[in-house]
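Some notes on the structure that comes next.
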Amino acid sequence: QVQLVESGGGLVQAGVSLRLSCAASGRTLSSYIMGWFRQAPGKEREFVAAITSSGDRTRYADSVKGRFTISRDNAKSTVYLQMNSLKPEDTAVYYCARSLYYLSRSVSDYDYWGQGTQVTVSS
């Protein structure tokens, strides 16, 4: 079984930056397209960003475009989400996941998920 573990979440003030990490174990991460999703209380899980296996192509939700950057280091089997200019509306549990297809925005196209890491942004 592929295991994904997110880290780097926490409580921060609006306007600051935070970097999330997703480490894979059990199998190398290098062959897979990866994505980040988030889910706030009472809301459906929302697509945030995705990245190809080599890191040469990326895709972002309109709500985070220009503020968030997804990247990966396959040698470390790790995917990152750099979050700048954080806003209170970014508050959510953030999940990383492995995609079955290309840079999909759909939850149903991802087969393995991490446990999530909480990001809370105060005003």
**OP:** Would you mind stating whether Val2 is under 20 Å from Leu103 (Cα atoms), at pLDDT below 95, out of contact with any Pro (no Cβ under 8 Å at 6 or more places or on another chain) and hydrophobic (A, V, I, L, M, F, W, C)?
**Re:** yes
Original post:
So which of Lys43, Lys87, Lys76 ends up being open to solvent by 60 Å² or more (accessible area, probe 1.4 Å), over 15 Å from Ile33 (Cβ atoms) and either modelled with pLDDT under 95 or under 12 Å from the mean Cα position of the chain (by Cα) (or both)?
Top reply: Lys76
**OP:** Could you please find all residues in region 53-78 being assigned to a strand (DSSP E or B) and closer than 15 Å to Ser31 by Cα?
**Re:** Ser71, Arg72, Asp73, Thr78
Subject >> Subset of region 14-39 (residues that are within 22 Å of Lys87 (Cβ to Cβ), out of contact with any Leu (no Cβ under 8 Å at 6 or more places or on another chain) and open to solvent by 40 Å² or more (accessible area, probe 1.4 Å)) >> reply: Gln39
**OP:** Hey, could you check region 1-28 for residues that are within 14 Å of the chain's Cα centre (by Cα) and of a type in the set (A, V, I, L, M) and say which is farthest from Asn74 (Cα to Cα)?
**Re:** Leu18
Original post:
What number goes with the only condition from (1) under 20 Å from Gln118 (Cα atoms); (2) open to solvent by 50 Å² or more (accessible area, probe 1.4 Å) that Arg57 does not pass?
Top reply: (1)
Original post:
Does Tyr94 count as open to solvent by less than 50 Å² (accessible area, probe 1.4 Å), of a type in the set (Ser, Thr, Tyr), within 19 Å of Gln13 (Cβ to Cβ) and touching a strand residue (DSSP E or B) at 6+ places or on another chain (Cβ under 8 Å)?
Top reply: yes
**OP:** Consider Leu81 carefully, then state whether it is of a type in the set (A, V, I, L, M), under 19 Å from Ile33 (Cβ atoms), in contact with a Gly (Cβ under 9 Å, 6 or more places away or on another chain) and not in a loop (DSSP other than H, G, I, E, B).
**Re:** yes
Original post:
Are there any pairs with C-beta distances below 6 angstrom linking a residue in region 61-76 that is in contact (Cβ under 8 Å) with a residue 24 or more places away in the chain to a residue that is of a type in the set (Gly, Ala, Ser) and in a loop (DSSP other than H, G, I, E, B), with the two at least 6 apart or on different chains, and if so which?
Top reply: Arg72/Gly55; Asn74/Ser30
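The values are calculated or read from the model by the stated rules, or taken from the named source; none is laboratory data. None of the values given here were measured: they were computed from a predicted structure. Every residue, glycine among them, receives a Cβ derived from its backbone with ideal geometry; neighbour counts consider all protein chains shown. We work out accessible area using only protein heavy atoms, side chains counted, and drop any ligands, DNA or RNA first. Shrake-Rupley method; radii C 1.70, N 1.55, O 1.52, S 1.80 Å.
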